[in-house]
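Reviewing the structure listed below.
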Amino acid sequence: MPTPAIIPTAHAALSLALSQAIDNKTKPLGSLGRLEELARQIGLIQATTQPRLDAPAVLVFAGDHGVVAEGVSAYPQEVTWQMIENFLAGGAAINVFANQNGCTIQVVDAGVNHDFGARSNLVDRKVARGTRNFAIEAAMSQDQCRRAMEHGMALVRDLPGNVVGFGEMGIGNTTAAAALMHKLTDLPLAECVGAGTGLAPAAISRKEAVLTAAMRTHAGASAPLDVLATFGGFEIAMMTGAMLQAAALRKVLLIDGFIVTSALLVAAKLQPAILDYCVFAHCSSEQGHRRMLDHLGVRPLLQLDLRLGEGTGAALALPLLHAAVNFMTTMATFDSARVSTRAP
């Protein structure tokens, strides 16, 4: 399927202007560290030396996975819909952190195995009631994968603001993410499989065995969209489409943890320039996440040993984006503050 064109943010003249503006603030050169890099990145994304953050939002995509039938999760599948109810009631960690940091939340039913009925605060984009069991057959059809991605694109086109955080919920989705990671990075499967929702070592070994067998079953899947349809989830496919559209619209993409980054792996295979638009919120304690980030050649902002998902890391990192933009736009310059510059 055609994907939105993403323009690289590289711009020599603007980059120089941003560096000069940053260096002229009342501070020693480079003394704001990563915040300076972040201000420069956001300025390049927005094509201005006066960046701003408008109406930041976190999209939380939810979907169920047929592969849970193989015993790969510590929790039963019904926890997916139960947690959606918790999101809608405002009781989850993502609600707490988003509210704390002035960020709106959209909860999206991408493919949960539950009938929620009409709900004013739930976006219904259900493709099906969960994917099929990829230990036996492809998780979704090509048409279902395409529709999920298109739903994600449409959601972002209608979303106000210029900062989009990505979160997810779906029992079994660390198994899907590990499969995507292995196929798209060529890293050994053992480096991609982790504890997920808290599996004991024996259960992690079972999870790896299920994935090993699935790799043999689907050995022919290699193109990014084939890999996504074979092993992914509706929430992962919808995130992939949403990410591509957000970057095409020159929004800042705030990337959460392991599952969200697996969606980005697909998007980056399709449009490598998407990485210019991504701020990596944190490094999860799910063992594969650090390896994913290293594969992409990126550095996360935070290391908090999180492994919750939901977009929690994205919401927690948002104040750092505000700090980067605010120092850039409101901090005094040496001239305006009448402070002497560094001696020759």
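The values are calculated or read from the model by the stated rules, or taken from the named source; none is laboratory data. This is a predicted model, so every value here is computed, not measured. As a convention, Cβ positions derive from the backbone with ideal geometry for all residues, glycine included, and neighbour counts pool all protein chains shown. Accessible surface is based on the protein model in full, side chains and every heavy atom, while ligands, DNA and RNA are left aside. Shrake-Rupley method; radii C 1.70, N 1.55, O 1.52, S 1.80 Å.
Considering only residues of the stretch 231-251 that are open to solvent by 10 Å² or more (accessible area, probe 1.4 Å) and part of a helix (DSSP H, G or I), which is nearest to Gly170 (Cα to Cα)?
The qualifying residue nearest to Gly170 (Cα to Cα) is Gln245.
Picking from Ala229, Ala223, which residue would you name as being within 19 Å of Gly66 (Cβ to Cβ), under 24 Å from the mean Cα position of the chain (by Cα) and of a type in the set (A, V, I, L, M)?
From the options Ala229, Ala223, the qualifying one is Ala229.
Regarding Gln77, is this residue under 20 Å from Gly309 (Cβ atoms), polar (S, T, N, Q) and in contact with a Leu (Cβ under 7 Å, 6 or more places away or on another chain)?
Judged against the criteria, Gln77 is not a match.
Identify, from the list Ala178, Ala202, the residue that is more than 21 Å from the chain's Cα centre (by Cα) and at negative phi.
Only one candidate qualifies: Ala202.
Spot the failing condition for Val260; the list is (1) open to solvent by 40 Å² or more (accessible area, probe 1.4 Å); (2) among the β-branched types (Val, Ile, Thr); (3) part of a helix (DSSP H, G or I), and only one is missed.
Only one criterion in (1) open to solvent by 40 Å² or more (accessible area, probe 1.4 Å); (2) among the β-branched types (Val, Ile, Thr); (3) part of a helix (DSSP H, G or I) is unmet by Val260, namely (1).
Open to solvent by less than 60 Å² (accessible area, probe 1.4 Å), in contact (Cβ under 8 Å) with a residue 24 or more places away in the chain and within 24 Å of Lys251 (Cβ to Cβ): does that describe Leu302?
No, not satisfied.
Looking only at the stretch 112-149, which residues are of a type in the set (D, E, K, R) and at pLDDT 95 or above?
Scanning the stretch 112-149 gives Asp115, Asp124, Arg125, Lys126, Arg129, Arg132, Glu137, Asp143, Arg146, Arg147.
Using beta carbons and a limit of 6 Å, which pairs, at least six apart or on different chains, have the first residue in the stretch 106-119 and in contact (Cβ under 8 Å) with a residue 60 or more places away in the chain and surrounded by 15 or more Cβ atoms within 10 Å (Cβ to Cβ) and the second one of a type in the set (Val, Ile, Thr) and part of a strand (DSSP E or B)?
Matching pairs, first to second residue: Val108/Val123.
Would you mind listing the helices (runs of 4 or more DSSP H) fully within the stretch 287-344 where at least 1 residues are over 23 Å from Lys269 (Cβ atoms)?
The helices (runs of 4 or more DSSP H) meeting that bar are 312-330, 334-337.
Matching residues to (1) open to solvent by 40 Å² or more (accessible area, probe 1.4 Å); (2) over 16 Å from His65 (Cβ atoms):
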{"residue": "Ile136", "(1), (2)": "yes, no"}
{"residue": "Arg146", "(1), (2)": "yes, yes"}
{"residue": "Pro160", "(1), (2)": "yes, yes"}
{"residue": "Gly165", "(1), (2)": "no, yes"}
{"residue": "Thr174", "(1), (2)": "no, no"}
{"residue": "Ala178", "(1), (2)": "no, no"}
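So, of the residues in the stretch 48-73 that are within 17 Å of Leu18 (Cα to Cα) and of a type outside the set (Ser, Thr, Tyr), which turns out to be least open to solvent (accessible area, probe 1.4 Å)?
If we take residues in the stretch 48-73 being within 17 Å of Leu18 (Cα to Cα) and of a type outside the set (Ser, Thr, Tyr), then Pro51 is least open to solvent (accessible area, probe 1.4 Å).
Give the residue that is nearest to Ser340 (Cα to Cα), with candidates limited to residues of the stretch 28-47 that are in contact (Cβ under 8 Å) with a residue 24 or more places away in the chain and surrounded by fewer than 17 Cβ atoms within 10 Å (Cβ to Cβ).
Here the answer is Pro28.
Of the residues in the stretch 15-50, how many are assigned to a helix (DSSP H, G or I) and within 27 Å of the chain's Cα centre (by Cα)?
So the answer is 15.
Do we have Thr185 as touching a His at 6+ places or on another chain (Cβ under 7 Å) and either in contact (Cβ under 8 Å) with a residue 12 or more places away in the chain or surrounded by 18 or more Cβ atoms within 10 Å (Cβ to Cβ) (or both) here?
yes
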